[in-house]
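Novice: Mind having a look at this structure? Questions to follow.
The values are calculated or read from the model by the stated rules, or taken from the named source; none is laboratory data. The structure presented is a predicted model; accordingly, all values stated were derived computationally and were not measured. When we count neighbours, we look across all protein chains shown, and the Cβ atoms used for this are built from the backbone with ideal geometry, even at glycine. For the accessible areas, the whole protein counts, side chains as well, though only heavy atoms, and no ligand, DNA or RNA atoms are used. Shrake-Rupley method; radii C 1.70, N 1.55, O 1.52, S 1.80 Å.
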Amino acid sequence: MTSERCRYAPTPSGPAHPGTLLAGLLCWLDARSRGAHLLLRLEDVDRERCSPEFADEMRAALHWLGMDWDAEAVQSHRHASHVTALDHLAHQGLLYPCDCSRNEVRRAGVRAADGGWRYPGTCRERPLPAAGWRTCQQALRLRLPGATVAVQDEGHRSLCQEPLADLGDPVVRRRDGSIAYHLAVVMDDGSDSITRVVRGHDLAPATAIHRALQQALDLPTPNYRHHLLLLEESGGKFAKFHGAVGWRELRSHASAERVTGVLAHAAGLLETPEDATPAALLAAFDWARVERRDQVMRWESGVLSLVGPGPPAQRAPERSED
Ligand code: GLU
């Protein structure tokens, strides 16, 4: 094994879908082809949307397809380290309270590079209360640097370099006290000594926020590689919208080898959707062979199939942040 450390970090907020399975397959192939350590990290800080049942289903689905991992972590167990990070950020004057609603942010009318709405900075000059951030009833946002943040993608996808201008200050702690994605993911990649991050390109714009947080928290920056997404025919992410299929239903209609073959074909790793296993795909795995364009999938009458390449992305599909 090399000293490289990779992670697959799904959010167990719903049934495991083909999109999440493809992301898992690409992480697994990347890690195993390098002899790297692979961590499965279940990113469940959004307690309202996530559940242990979905986490169990995620593990079962990955095992069913023939993947393994070397260690496992559950993000909600890391609350103490996330709180320490908030202390560090507050100490540097980088946090401020914000009670703008989503509607207020949307009404400002500026699209962000991640497909959401750019926070217009309404509360940016507000100080934290003298009694400290813990006494805040509002959400807490991070004051991003106005400067350029140098960040690269191994596959040469274009990433935001000016997170304040392109995305706006992100929420790092929600109004309900839970830790938001950007802070949790950066702290956990640091705690887990992750050296490689492989994930869908809908998260590519967020990388600039992650780099800014790593700088503020004195954490190393892993190498990033962002990959294609599976889309449904009307253009949304296949994993989330109408048309996607959950793992249990998938399993009742097709073998693991058939599903792996269809996913590998969609990703450009097989010429035809023939039956395959992750282990059998390993020998010839090379990122140069992985399709860069998003691929449209169809689930019809119990059959998962590839429709073809999706349109060039105008904007990353929308993610919910706060
Ligand atoms: N948990 C995130 C998701 O499922 C991925 C986080 C990451 O890879 O940085 O979308």
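Novice: Answer with yes or no whether Val45 is in a loop (DSSP other than H, G, I, E, B), of a type in the set (A, V, I, L, M) and surrounded by 13 or more Cβ atoms within 10 Å (Cβ to Cβ).
Specialist: Details: in a loop (DSSP other than H, G, I, E, B): yes; of a type in the set (A, V, I, L, M): yes; surrounded by 13 or more Cβ atoms within 10 Å (Cβ to Cβ): yes.
For Val45, the condition - in a loop (DSSP other than H, G, I, E, B), of a type in the set (A, V, I, L, M) and surrounded by 13 or more Cβ atoms within 10 Å (Cβ to Cβ) - is met.
Novice: Something else about it: Restricting to the range 62-98, name every residue that is hydroxyl-bearing (Ser, Thr, Tyr) and in a helix (DSSP H, G or I).
Specialist: Ser76, Ser81, Thr84
Novice: Here's something else I'd like to know. Residues of the range 6-27 being in contact with a strand residue (DSSP E or B) (Cβ under 7 Å, 6 or more places away or on another chain) and more than 12 Å from the ligand (Cβ to nearest atom), which ones?
Specialist: Of everything in the range 6-27, those that are in contact with a strand residue (DSSP E or B) (Cβ under 7 Å, 6 or more places away or on another chain) and more than 12 Å from the ligand (Cβ to nearest atom) turn out to be Pro18, Leu22.
Novice: I want to confirm something. Restricting to the range 1-42 and keeping residues that are over 18 Å from Leu229 (Cα atoms) and of a type in the set (A, V, I, L, M), which single residue is surrounded by the most Cβ atoms within 10 Å (Cβ to Cβ)?
Specialist: Ala31
Novice: For Asp169, indicate whether it is modelled with pLDDT of 95 or more, within 11 Å of the ligand (Cβ to nearest atom) and buried (at least 20 other Cβ atoms within 10 Å of the Cβ). Write out each step before concluding.
Specialist: On the way: modelled with pLDDT of 95 or more: yes; within 11 Å of the ligand (Cβ to nearest atom): no; buried (at least 20 other Cβ atoms within 10 Å of the Cβ): yes.
Against the criterion (modelled with pLDDT of 95 or more, within 11 Å of the ligand (Cβ to nearest atom) and buried (at least 20 other Cβ atoms within 10 Å of the Cβ)), Asp169 does not qualify.
Novice: For the range 91-105: of the residues being in contact (Cβ under 8 Å) with a residue 24 or more places away in the chain, farther than 18 Å from Gly190 by Cβ and surrounded by fewer than 19 Cβ atoms within 10 Å (Cβ to Cβ), which is nearest to the chain's Cα centre (by Cα)?
Specialist: Of everything passing the filter in the range 91-105, Arg102 is nearest to the chain's Cα centre (by Cα).
Novice: Keeping to the range 125-145, report how many residues are without any contact (Cβ under 8 Å) to a residue 24 or more places away in the chain and of a type in the set (D, E, K, R).
Specialist: Residues of the range 125-145 without any contact (Cβ under 8 Å) to a residue 24 or more places away in the chain: 130-131, 134-135.
Now restrict to residues that are of a type in the set (D, E, K, R): 134.
Matching residues across the range 125-145 total 1.
Novice: For the range 219-235, give me each residue that is open to solvent by 20 Å² or more (accessible area, probe 1.4 Å) and either in contact with a Pro (Cβ under 6 Å, 6 or more places away or on another chain) or without any contact (Cβ under 8 Å) to a residue 40 or more places away in the chain (or both).
Specialist: Those that are open to solvent by 20 Å² or more (accessible area, probe 1.4 Å) and either in contact with a Pro (Cβ under 6 Å, 6 or more places away or on another chain) or without any contact (Cβ under 8 Å) to a residue 40 or more places away in the chain (or both): Leu219, Pro220, Ser234.
Novice: Still on this structure, please answer the following. With the requirement that a residue be open to solvent by less than 30 Å² (accessible area, probe 1.4 Å) and under 22 Å from His37 (Cβ atoms), what does the range 48-70 give you?
Specialist: Ala55, Met58, Ala61, Leu62, Leu65, Met67 - these are the residues of the range 48-70 that are open to solvent by less than 30 Å² (accessible area, probe 1.4 Å) and under 22 Å from His37 (Cβ atoms).
Novice: Oh, and also: Only one of Ala108, Ala73 is surrounded by 13 or more Cβ atoms within 10 Å (Cβ to Cβ), of a type outside the set (D, E, K, R) and more than 25 Å from the chain's Cα centre (by Cα); which?
Specialist: Step by step, each of Ala108, Ala73 is checked, and only Ala108 is surrounded by 13 or more Cβ atoms within 10 Å (Cβ to Cβ), of a type outside the set (D, E, K, R) and more than 25 Å from the chain's Cα centre (by Cα).
Novice: Anything in the range 206-232 that is part of a helix (DSSP H, G or I) and away from the ligand (no atom under 14 Å from the Cβ)? List them, or say none.
Specialist: Matches in the range 206-232: Ala212, Gln215, Ala216, Leu217.
Novice: If you scan the range 259-287, which residues turn out to be without any contact (Cβ under 8 Å) to a residue 12 or more places away in the chain, surrounded by fewer than 15 Cβ atoms within 10 Å (Cβ to Cβ) and closer than 22 Å to Val307 by Cα?
Specialist: Glu271, Thr272
Novice: Give the residue, chosen from His17, His63, that is more than 29 Å from Asp166 (Cα to Cα) and free of Cβ contacts under 8 Å to residues at least 12 places away in the same chain.
Specialist: Step by step, each of His17, His63 is checked, and only His63 is more than 29 Å from Asp166 (Cα to Cα) and free of Cβ contacts under 8 Å to residues at least 12 places away in the same chain.
Novice: Among the residues of the range 112-152, which ones are at positive phi and surrounded by 16 or more Cβ atoms within 10 Å (Cβ to Cβ)?
Specialist: Correct list: Gly121 only.
Novice: Do the conditions hold for Leu164, that is, is it within 16 Å of the ligand (Cβ to nearest atom) and of a type outside the set (Val, Ile, Thr)? I'd like the intermediate steps shown before the answer.
Specialist: Numbers: within 16 Å of the ligand (Cβ to nearest atom): no; of a type outside the set (Val, Ile, Thr): yes.
When the stated conditions are applied, Leu164 does not pass them.
Novice: Spot the failing condition for His182; the list is (1) under 16 Å from Pro222 (Cβ atoms); (2) in a loop (DSSP other than H, G, I, E, B); (3) open to solvent by less than 50 Å² (accessible area, probe 1.4 Å), and only one is missed.
Specialist: For His182, the exception is condition (2).
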